[in-house]
1. Express in nm, to one decimal, how much length is gained between residue B:10 and residue B:115 on full extension, taking 0.36 nm for each residue of separation and deducting their alpha carbon distance.
2. Throw me the Rg/Rh for the protein assembly as shown, computed over C-alpha atoms with Kirkwood Rh, two decimals.
3. Can you check how the C-alpha radius of gyration of the stretch A:1-106 compares to 2.2 N^0.38 Å, as a plain ratio?
4. Would you be so kind as to identify which of B:35, B:51, B:67 lies farthest towards the positive end of the dipole of the stretch B:12-119, taking Lys and Arg as +1 and Asp and Glu as -1 on Cβ and the Cα centre as origin?
5. Can you tell me the FRET efficiency between residue A:10 and residue A:72 if r is taken as the Cβ-Cβ distance and R0 is 25 Å, rounded to the nearest 0.05?
6. How much FRET efficiency would the formula 1/(1 + (r/R0)^6) give for residue B:39 and residue B:70, where r is the Cβ-Cβ distance and R0 is 30 Å, rounded to 0.05?
7. For the stretch B:1-89, run through the trypsin sites (Lys or Arg not before Pro) and keep only the ones in DSSP coil with at most 16 other Cβ atoms within 10 Å of their Cβ.
8. Treating only the Cβ atoms of Lys and Arg (+1) and Asp and Glu (-1) as charged, compute the dipole magnitude of the protein assembly as shown about its Cα centre; round to the nearest 20 debye.
Amino acid sequence: AQSVAQPEDQVNVAEGNPLTVKCTYSVSGNPYLFWYVQYPNRGLQFLLKYITGDNLVKGSYGFEAEFNKSQTSFHLKKPSALVSDSALYFCAVRDGGGYQKVTFGTGTKLQVIP
Amino acid sequence: GAVVSQHPSRVICKSGTSVKIECRSLDFQATTMFWYRQFPKQSLMLMATSNEGSKATYEQGVEKDKFLINHASLTLSTLTVTSAHPEDSSFYICSARTPLAGSNTGELFFGEGSRLTVL
């Protein structure tokens, strides 16, 4: 069975500071990893994904994530946080390609303080 | 990216009535769509996988007679909450997967969600 852990319910960061939202995963095969963002009463928006290749993946709105196979982590990062980045962030994993289900983490609320 | 439209965005109904939520992929054909339920301050719970032209696959614990899913075309899936009760009040989100082809793993695109309130 595959699983995703987001250990922090909430992350607070000052505007302009770097931010990190943590994610660890567990799959039996090759991990396909994703980050999504959700604004209040809205659906999820895709930020970035790791399938293969470079461990550092760049995505939308200046976000990036680093795949670390040995630590089974896929932390989301941004060099300089904006107030508008405040939202709920979900990490997700799929075991390989094809028709495998996507499993979501419990979400981390990011609060950027002006 | 691809666009998934979900309608209605908000619906209020009386207990005992049925409510239908539509999920449309606007610019791609989706042989597979997914329905999720999200409780306040919680993650997304996959309810069922909707396959075009065949029966939906429900997750354990989800009542298939309660949550009827129809995927009649490559661009439309519907979720009908039958005989709704207050405990069915929730945020329901659909997603559609772009076609798998060769090394293309397919992407998930989400609708904007539907807030159901059962009085």
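Read-outs: derived from the displayed coordinates by stated rules, not from any lab. These numbers were taken from a predicted model, which means no experiment stands behind them. Methodologically, a virtual Cβ is constructed for each residue, glycine included, from the backbone with ideal geometry; neighbour enumeration extends over all protein chains shown.
1. Gain on stretching residue B:10 to residue B:115: 37.3 nm.
2. Reported Rg/Rh, Kirkwood definition of Rh: 0.97.
3. Scaled against compact globular proteins, the figure is 1.03.
4. Result: B:67, furthest along the dipole toward the positive end.
5. Here the calculated transfer efficiency is 0.65.
6. Efficiency, rounded to the nearest 0.05: 0.80.
7. Sites meeting the loop and neighbour criteria: B:14, B:41, B:55, B:64, B:66.
8. Once rounded to the nearest 20, the dipole reads 200 debye.
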